[in-house]
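**Q** Input: one structure, supplied below.
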4 protein chains.
Amino acid sequence: MARAAASKTRTRIQREKTELILTAALEVFATYGYRGSTIDQIAGQAGLSKPNLLYYFDNKDAIHSRLLERLLETWLAPLHALDENGEPITEILAYVTRKLEMARDFPRESRLFANEILQGAPRILDQIAGPLKTLVDEKALIIRGWSQQNQIAPVDPYHLIFSIWSTTQHYADFDTQVSVVLGPRAATRFDDAARHLTDMFTKLLRP
Amino acid sequence: MARAAASKTRTRIQREKTELILTAALEVFATYGYRGSTIDQIAGQAGLSKPNLLYYFDNKDAIHSRLLERLLETWLAPLHALDENGEPITEILAYVTRKLEMARDFPRESRLFANEILQGAPRILDQIAGPLKTLVDEKALIIRGWSQQNQIAPVDPYHLIFSIWSTTQHYADFDTQVSVVLGPRAATRFDDAARHLTDMFTKLLRP
Amino acid sequence: MARAAASKTRTRIQREKTELILTAALEVFATYGYRGSTIDQIAGQAGLSKPNLLYYFDNKDAIHSRLLERLLETWLAPLHALDENGEPITEILAYVTRKLEMARDFPRESRLFANEILQGAPRILDQIAGPLKTLVDEKALIIRGWSQQNQIAPVDPYHLIFSIWSTTQHYADFDTQVSVVLGPRAATRFDDAARHLTDMFTKLLRP
Amino acid sequence: MARAAASKTRTRIQREKTELILTAALEVFATYGYRGSTIDQIAGQAGLSKPNLLYYFDNKDAIHSRLLERLLETWLAPLHALDENGEPITEILAYVTRKLEMARDFPRESRLFANEILQGAPRILDQIAGPLKTLVDEKALIIRGWSQQNQIAPVDPYHLIFSIWSTTQHYADFDTQVSVVLGPRAATRFDDAARHLTDMFTKLLRP
DNA sequence: AATGAATGAGTTTTCATTCAT
DNA sequence: AATGAATGAAAACTCATTCAT
């Protein structure tokens, strides 16, 4: 009844513990997937007891859902920032760069998202079909506009976006493979990737 | 001991049932991940009883491992086929096309692989570090050669390969998202993707 | 229906296979106990398939019971041979020697028996309460007679028999411990034991 | 992880339940052997639910191992007490008596040990080869000394110790048989055994 | 006789969740 | 807020036994 999650006023401690748990859960879920993660693992990672963790969240699913909710905001921010009034190629390349920086700085978020989509997005299909699709449609329209006005080469805006997503997220989601394949060269993988992707998308879009 | 899996001579039934199980397991593992899948699910999918399934495979892990073993062969075949003596751009575009066809025709294999890498490749790290890396190194050398001889534009062969992998596999691994975002346009997603990717990689590689 | 075990006429092959199975089962049961042994293990040891083994014996219990049945005959033979008309001390010492030889030559039989008694003799209580007790009572009477006629020192015949059983069987049942404790001296353990036990029972019985 | 068994500070309940479980497990393991015992049986005997029992011990083997660990201390105590400076025959007879009392008062411990050795001591071979052998070697030296100084008759100290172990433990390990054979006389079996064994070892050792 | 195939009934263990304090 | 204790439901095997050929 008096669950922390339910009360509207949060104490500082409640907020801190909630964050602590979410951070731990992100780490665990991103590595082992939802079913592969146990509450024990998350509690251990957070330095809490299992029942104490469940004092802050109703159940395992609630933690996961909260993570996914927040995720989408962060996730869509770089695309949000794509400015209709900016210089088209600059805007798109900046978007590529931001996405790649996210892969570098938030790989666990990327993997959490990948895990979820891979399994058929059982928990965030609504968000995909709602906010995400809406935003993509909106930005696709802008890109199509640029294309029609010959500011960039003709390109299918949706598949362009998919290419940006996949190439950048690859460095987070498939990092294990990337690092092994690159061997010692892996140290500079993000810089090398930035150069490569900038080159690739520049050539693609130059009218 | 006297497990079917251990005997050297396989009867027809053994071969059939083994295939049946692997097919069912691929479906289940690709959808729910290793930990998220149960032997019961796989047995159900295969139309067998659980103990009967375990008559053919020693345990859950053995099924998964067998799938991954086979997978790598199929997985590397398109890259294997990249011919040093072919016309460079044609060869690379053909590789893109083959990879995209695999994403279309074997999406479950793609997701099985993605699931495994996402979790840190606990079960196939050896294969990644061994055969896969060896093959990539070999083909990267070829691509670098083409590049140095100006047959294709200068390009980092490793990151080129990553881009090909990620953009094509995206249509299998993130199909849920792709389909939702494209809505009715999803019907032609593979053809549209082929056009888009061919365009993109052509522009990237043209000297 | 046409079970081999049920038919009265046995072919040579049937007899041979039956023996083969019993030998294998003795080995396995003696080492792992009844519950710790599996039909697979026994079949493996015998070089037969599981169903083939069960063609000769109705079930696991039947094999075990048959072993125990036979065992008792062998087991009681040395005591049977104790001759009322022999020289008392000689007779008893000869009995000790025969028992020790059995521990040396048939350790698996000894352990099978020990396992069974340890668990409360669920399967051979009848044999213990019947033939075994009858025989012991009979021989105890003889020993008591010798004792009363001063041919041997006064001794409780039952506890004498228990002492003979325990000291000799110890070398089979606790062989693991005996061998470890004796270390290199273990090689001569049966000869040393013979000397020691002969000495001990001689001193005990000398009037 | 957060298993009760792993935490260092034990609450009262933890200590009590742990004892409760070990007592129950001793009863069950001693009767049915390791493989013949189920966690269900032990939980039932202890009046706990199966998962609750597994809250205190990681698994079946952990319970068994703990029992065996403790056992050895108890088991070796009587031999430990054999005093080099005492009167030799008195010391050895006192040892016989203590061992017989243990067979009477702790028959389940005796059977647990016997079960383990019978199976080849898979779980306590180290303890046998280590502490047990060390102690036996030490005491054998003392006995040999007594023997050489003619304080007791010449005797192989190792085989003497085996005789003491086997004759006394027999009343615990083979109690089923002993009781059936003795019939009504079984009531006084430990007193009769004490008299018999005292007599036997006295005669053996008197110089 | 012999064996590949199949299964029901356990048995061990895991784990999310709840209870009591 | 926090935690030790407890549990039901599931999941991964195991194994004696039967079936079909």
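**Q** So the check is Cβ under 6 Å with 6+ separation or different chains; which pairs have a first residue in region B:29-56 that's farther than 17 Å from residue B:19 by Cα and a second one that's more than 9 Å from DNA strand E (Cβ to nearest atom)?
**A** Listed by first residue and then by second, the contacts come to B:33/A:33; B:33/B:115; B:34/B:64; B:37/B:28; B:37/B:29.
**Q** Kindly check whether there is at least one residue in region D:66-73 that is over 21 Å from residue D:127 (Cα atoms) and free of Cβ contacts under 8 Å to residues at least 40 places away in the same chain.
**A** So far as region D:66-73 goes, no, none of its residues is over 21 Å from residue D:127 (Cα atoms) and free of Cβ contacts under 8 Å to residues at least 40 places away in the same chain.
**Q** Right, here's the next one. Could you say which residue among A:121, A:114, A:129 is under 11 Å from the mean Cα position of the chain (by Cα), within 11 Å of chain B (Cβ to nearest Cβ), more than 16 Å from DNA strand E (Cβ to nearest atom) and not basic (Lys, Arg)?
**A** Step by step, each of A:121, A:114, A:129 is checked, and only A:114 is under 11 Å from the mean Cα position of the chain (by Cα), within 11 Å of chain B (Cβ to nearest Cβ), more than 16 Å from DNA strand E (Cβ to nearest atom) and not basic (Lys, Arg).
**Q** Report whether or not residue A:179 is more than 10 Å from chain B (Cβ to nearest Cβ) and open to solvent by 10 Å² or more (accessible area, probe 1.4 Å). Working first, answer last.
**A** Numbers: more than 10 Å from chain B (Cβ to nearest Cβ): no; open to solvent by 10 Å² or more (accessible area, probe 1.4 Å): yes.
For residue A:179, the condition - more than 10 Å from chain B (Cβ to nearest Cβ) and open to solvent by 10 Å² or more (accessible area, probe 1.4 Å) - is not met.
**Q** Looking only at region B:78-87, count every residue that is under 14 Å from the mean Cα position of the chain (by Cα) and open to solvent by less than 50 Å² (accessible area, probe 1.4 Å) and tell me the total. Please lay out each step first, then the result.
**A** Residues of region B:78-87 under 14 Å from the mean Cα position of the chain (by Cα): B:78-80.
Now restrict to residues that are open to solvent by less than 50 Å² (accessible area, probe 1.4 Å): B:78-79.
Count: 2.
**Q** Turning to a different aspect of this structure: Checking the condition open to solvent by less than 50 Å² (accessible area, probe 1.4 Å), assigned to a helix (DSSP H, G or I) and hydroxyl-bearing (Ser, Thr, Tyr), which residue from A:90, A:74, A:31 passes?
**A** A:31
**Q** Same structure again: Only residues that are more than 7 Å from DNA strand F (Cβ to nearest atom) and away from chain A (no Cβ under 14 Å): list them for region B:36-50, please.
**A** Answer for region B:36-50, where residues must be more than 7 Å from DNA strand F (Cβ to nearest atom) and away from chain A (no Cβ under 14 Å): B:42, B:43, B:44, B:45, B:46, B:47, B:48, B:49.
**Q** Among (1) open to solvent by less than 10 Å² (accessible area, probe 1.4 Å); (2) within 20 Å of residue D:196 (Cα to Cα); (3) modelled with pLDDT under 95, there is one condition residue C:207 misses while meeting the rest; what is its number?
**A** Unmet for residue C:207, out of (1) open to solvent by less than 10 Å² (accessible area, probe 1.4 Å); (2) within 20 Å of residue D:196 (Cα to Cα); (3) modelled with pLDDT under 95: (1).
**Q** For residue B:194, all conditions in the list (1) without any contact (Cβ under 8 Å) to a residue 40 or more places away in the chain; (2) more than 7 Å from chain A (Cβ to nearest Cβ); (3) among the small types (Gly, Ala, Ser) hold save one; what is the number of the exception?
**A** Tallying (1) without any contact (Cβ under 8 Å) to a residue 40 or more places away in the chain; (2) more than 7 Å from chain A (Cβ to nearest Cβ); (3) among the small types (Gly, Ala, Ser), residue B:194 fails exactly one: (1).
**Q** If you go through region A:115-138 one residue at a time, do you hit one that is open to solvent by less than 10 Å² (accessible area, probe 1.4 Å), in a helix (DSSP H, G or I) and among the small types (Gly, Ala, Ser)?
**A** Checking region A:115-138: not a single residue is open to solvent by less than 10 Å² (accessible area, probe 1.4 Å), in a helix (DSSP H, G or I) and among the small types (Gly, Ala, Ser).
**Q** For residue D:141, state whether it is surrounded by fewer than 17 Cβ atoms within 10 Å (Cβ to Cβ) and either touching a Pro at 6+ places or on another chain (Cβ under 9 Å) or farther than 17 Å from residue C:178 by Cβ (or both).
**A** Answer is yes for this residue.
**Q** Sticking with this structure for a sec: Check whether at least one residue in region D:51-65 is within 14 Å of another protein chain (Cβ to nearest Cβ), in a helix (DSSP H, G or I), away from DNA strand E (no atom under 13 Å from the Cβ) and under 15 Å from the mean Cα position of the chain (by Cα), and report yes or no.
**A** For region D:51-65, residues within 14 Å of another protein chain (Cβ to nearest Cβ), in a helix (DSSP H, G or I), away from DNA strand E (no atom under 13 Å from the Cβ) and under 15 Å from the mean Cα position of the chain (by Cα): absent.
**Q** Of the numbered conditions (1) modelled with pLDDT under 95; (2) under 14 Å from the mean Cα position of the chain (by Cα), residue A:107 satisfies every one except a single condition; which is it?
**A** The number of the failed condition is (1).
**Q** Considering every residue within region B:30-38, establish whether at least one is more than 30 Å from residue B:162 (Cα to Cα) and modelled with pLDDT of 95 or more.
**A** Among the residues of region B:30-38, at least one is more than 30 Å from residue B:162 (Cα to Cα) and modelled with pLDDT of 95 or more, which makes the answer yes.
**Q** State whether one or more residues within region C:133-142 are facing chain D (nearest Cβ under 9 Å), within 22 Å of residue D:125 (Cα to Cα) and modelled with pLDDT of 95 or more.
**A** No.
**Q** What residue, of D:95, D:56, is in contact with a Lys or Arg (Cβ under 7 Å, 6 or more places away or on another chain) and surrounded by 20 or more Cβ atoms within 10 Å (Cβ to Cβ)?
**A** Just one listed residue meets the conditions, D:56.
**Q** For region D:38-46, state whether one or more residues are away from DNA strand E (no atom under 12 Å from the Cβ), under 24 Å from residue D:127 (Cβ atoms) and open to solvent by 60 Å² or more (accessible area, probe 1.4 Å).
**A** No.
**Q** Further question on the same structure: With respect to residue D:189, determine if the residue is surrounded by fewer than 16 Cβ atoms within 10 Å (Cβ to Cβ) and among the basic types (Lys, Arg). Full working, then the answer.
**A** On the way: surrounded by fewer than 16 Cβ atoms within 10 Å (Cβ to Cβ): no; among the basic types (Lys, Arg): yes.
Answer is no for this residue.
**Q** Restricting attention to region A:105-147, which residues are in contact with a Lys or Arg (Cβ under 9 Å, 6 or more places away or on another chain) and without any contact (Cβ under 8 Å) to a residue 24 or more places away in the chain?
**A** A:118
**Q** Further question on the same structure: Which of the residues that make up region D:147-168 are farther than 15 Å from residue C:175 by Cα and either facing chain C (nearest Cβ under 10 Å) or open to solvent by less than 10 Å² (accessible area, probe 1.4 Å) (or both)?
**A** If the condition is that a residue be farther than 15 Å from residue C:175 by Cα and either facing chain C (nearest Cβ under 10 Å) or open to solvent by less than 10 Å² (accessible area, probe 1.4 Å) (or both), then D:152, D:153, D:154, D:155, D:156, D:157, D:160, D:164, D:167, D:168 are the ones that fit.
**Q** What are the residues in region D:34-50 that are assigned to a helix (DSSP H, G or I) and small (Gly, Ala, Ser), if any?
**A** D:36, D:43, D:44, D:46, listed by residue number.
Every residue, every condition in (1) within 23 Å of residue D:185 (Cα to Cα); (2) among the hydrophobic types (A, V, I, L, M, F, W, C), yes or no:
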position	(1), (2)
C:131	yes, no
C:139	yes, no
C:145	yes, no
C:150	no, no
C:160	yes, yes
C:167	yes, no
C:187	no, yes
C:197	no, yes
C:200	no, yes
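**Q** Would you tally the residues in region C:51-103 being away from DNA strand F (no atom under 16 Å from the Cβ), of a type in the set (Lys, Arg) and at pLDDT 95 or above?
**A** Here is the first cut: in region C:51-103, the residues away from DNA strand F (no atom under 16 Å from the Cβ) are C:69-103.
Subset that is of a type in the set (Lys, Arg): C:70, C:98-99.
After this cut, where a residue has to be at pLDDT 95 or above as well, the list is C:98-99.
Count: 2.
The values are calculated or read from the model by the stated rules, or taken from the named source; none is laboratory data. Here the structure is a predicted model, which is why all the values come from computation and not from measurement. Cβ atoms come from the backbone with ideal geometry, glycine included; neighbour counts cover every protein chain shown. SASA here: full protein model, heavy atoms, side chains in, ligands and nucleic acids out. Shrake-Rupley method; radii C 1.70, N 1.55, O 1.52, S 1.80 Å.
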